[in-house]
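Colleague: First the structure, then my questions, so here it is.
Derivation of every value follows stated rules applied to the coordinates shown; laboratory data play no part. Quick caveat, the model's predicted, so the values are computed rather than measured. Because the Cβ atoms are built from the backbone with ideal geometry, glycine has one as well, and the counts that use them run over all protein chains shown.
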Amino acid sequence: MHICYVVAMRAEARPFVEAYGLSKVDGFFVPLPCILYDGMAGDCRLSVVLNGEQHGTDLVGCEAASVATMAAIERLHPDMVVNSGTCGAFKAQGASIAEVFVGNGAMFHDRRVPGDDGFATQSLGNYAVWDGSRALAERLGLKMGKVTTGSSLDMQPCDLAVIQQHGGQLKDMEGAAVAFVCSLFHTPLLLVKSVTDLCDDGAATFEEFTKNLSAASQSLNEANQRIINRLSAL
Ligand code: SAH
């Protein structure tokens, strides 16, 4: 079994890169910005692909996530991709800071394209996840939620309208892009998201995100270790 994590931010990946003693493989994706960490988790090969950096910051968002996912699948041929990261969630739906969710689907919430039903369907995305996601979440006692992805950290009223209309629960900037690429390659995808901010608690998203990034990354690390244990037994 070869599991490949696709992760946007170094802070999100660092705890489990260190926990598994993964080694950085310099230059693996040149000229792409993505960075490979590779190693073993028991009998299982474990790769972590970071989107990379630009202007001294982690590359977040759909474009970088698509490039990283495509490069990872083409170059590493993993049995499964896991997109692990942080997200916003909704207090009204019972979510709390640093709570970890498994995604039960992924869609875009900020692609407003007028046209016929085909374009509307394409814009929303609505990609499937690995069909073992529910059993895994139940086994590990993790809640499930629908990931909705957009290109901004803030949430405009028109984003919220789409999220509510489609039962979105977890708001991020990469999940649906990773899901799109996985769907093209028929590579199973698991989504694991830890909450840094609550989109409906009135706090400024950026401040809340920054304050909770470390705690959310720690709970993400704990969940990922339990997930890797289960997956490596498959
Ligand atoms: N300015 C931040 C950059 C992080 S962008 C910084 O200085 O560190 C936010 C990242 O966290 C993205 O990778 C995204 O997937 C995730 N994220 C967390 N909360 C989010 C939210 N409420 N909406 C969208 N993305 C969110």
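Colleague: In percent, how large is the relative contact order of region 3-107, given Cα pairs closer than 8 Å and 6 or more residues apart?
Modeller: 33
Colleague: First check a/c for region 108-195, with a ≥ b ≥ c the square roots of the eigenvalues of its C-alpha gyration tensor; if it is under 1.5, answer rounded, and if not, answer prolate when a/b is larger than b/c or oblate otherwise.
Modeller: Since a/c reaches 1.5 but b/c is at least a/b, the shape of region 108-195 is classed as oblate.
Colleague: Residue separation times 0.36 nm, minus the C-alpha to C-alpha distance between R112 and L160: what's the value?
Modeller: Result: 16.0 nm gained on full extension.
Colleague: Give, to the nearest whole percent, the P(r) tail of region 144-188 beyond 15 angstrom, counting all Cα pairs.
Modeller: Numbers: 462 of 990 pairs.
The proportion of pairs with Cα distances above 15 Å equals 47 percent.
Colleague: Does region 30-99 come out rounded, prolate or oblate, given a ≥ b ≥ c as the square roots of the eigenvalues of its C-alpha gyration tensor, rounded meaning a/c under 1.5 and, failing that, prolate meaning a/b above b/c?
Modeller: Values: a/c = 2.30, a/b = 1.37, b/c = 1.68.
Because a/c hits 1.5 or more and a/b fails to exceed b/c, region 30-99 counts as oblate.
Colleague: Please list, or write none, the lysines whose alpha carbon is within less than 26 Å of the alpha carbon of K146, excluding same-chain residues fewer than 8 places away.
Modeller: Answer for K146, where 26 Å is the Cα cut-off: K91, K171, K193, K211, listed by chain and number.
Colleague: Give me the extension gain from E207 to T121: residue separation times 0.36 nm, minus the current Cα-Cα distance, reported in nm with one decimal.
Modeller: Working: separation 86, 0.36 × 86 = 30.96 nm, distance 3.40 nm.
Between E207 and T121, full extension yields 27.6 nm more.
Colleague: Label-point separation (nm) for A135 and D200, each offset 7 Å from Cα along Cα-to-Cβ?
Modeller: Output for this residue pair reads 3.3 nm.
Colleague: Is there a quick way to get the dipole size of the chain? I mean about its Cα centre, with the Cβ of Lys and Arg at +1 and of Asp and Glu at -1; what is the value in debye to the nearest 20?
Modeller: 480
Colleague: Would you calculate the separation in nanometres between label points at K91 and L153, each defined as 7 Å from the Cα along the Cα-to-beta-carbon direction?
Modeller: Between K91 and L153, the label points sit 2.0 nm apart.
Colleague: Can you give me the relative contact order of region 82-175 as a percent, contacts being Cα pairs under 8 Å and 6 or more apart?
Modeller: 37
Colleague: Would you mind computing Rg(Cα) / (2.2 N^0.38 Å) for the chain, counting N as its residues?
Modeller: Cα Rg divided by the expected 2.2 N^0.38 Å: 0.94.
Colleague: Given an 8 Å cut-off on Cα distances and at least 6 residues of separation, report the relative contact order of the chain as a percent.
Modeller: Taking the mean separation of contacting Cα pairs over the length of the chain, I get 27 percent.
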